[in-house]
Amino acid sequence: MTEISFYHSLVRPLEWVLPKLLERTLENAERAVVMMSSVERLKALDAHLWTYDPASWLPHGMDPDDARADQPIWLTVVDENPNDARFLFLADYATSAHIADYDRVFDLFDGRDDAVVTAARQRWRDYRQAGHSLSYWRQDHRGRWSKAG
């Protein structure tokens, strides 16, 4: 079964959390798909990943003309895996019907929005019922992560 980690963001936004996780993914020689539910947010994330830290570089693609199979990180609003990634990052209400096709799934959600938290709880129940291995990470008031379940 797939290992699914929930990241309950309380202080820092997705734009701070996701690049750090993607850096670790690439350090471990893994590929990733980042799936979001809106093209607008995806385009903003694309721009952010190129500029968020002058000392870092997160090579990625999202344009259909990019060499999709060669991209270490693929950004999409479609439930696809064109770069044969083993890691899937879901954010902004994005869901995948292909969770079991990945080794790891990172479910990132904003804990300051009650509707988002409610939806995350439902996904947790669904994934648990499907037999996936689950973990839960929560930010403290300083933005540090601790495993809570």
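The values are calculated or read from the model by the stated rules, or taken from the named source; none is laboratory data. In this text the structure is predicted, and so the values were computed from the model without any measurement. Reconstructed Cβ throughout: ideal geometry from the backbone, glycine too, with neighbour counts over all protein chains shown. For accessibility, only protein heavy atoms count, side chains too; no ligands or nucleic acids. Shrake-Rupley method; radii C 1.70, N 1.55, O 1.52, S 1.80 Å.
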Scanning region 28-55 for residues that are in contact with a Pro (Cβ under 9 Å, 6 or more places away or on another chain), part of a loop (DSSP other than H, G, I, E, B) and surrounded by 14 or more Cβ atoms within 10 Å (Cβ to Cβ) gives GLU30, ARG31, TYR52
Residues (among the basic types (Lys, Arg) and closer than 13 Å to MET36 by Cα) located in region 80-110: none
Those residues of region 75-114 which are open to solvent by 10 Å² or more (accessible area, probe 1.4 Å), among the small types (Gly, Ala, Ser) and either touching a strand residue (DSSP E or B) at 6+ places or on another chain (Cβ under 8 Å) or under 21 Å from LEU26 (Cβ atoms) (or both), in sequence order: SER96, GLY111
Of the residues ALA94, ALA85, ALA69, which is aliphatic (A, V, I, L, M), part of a loop (DSSP other than H, G, I, E, B) and modelled with pLDDT under 95? ALA94
Report the residue count in region 50-69 for those that are touching a strand residue (DSSP E or B) at 6+ places or on another chain (Cβ under 8 Å) and in contact (Cβ under 8 Å) with a residue 12 or more places away in the chain. 6
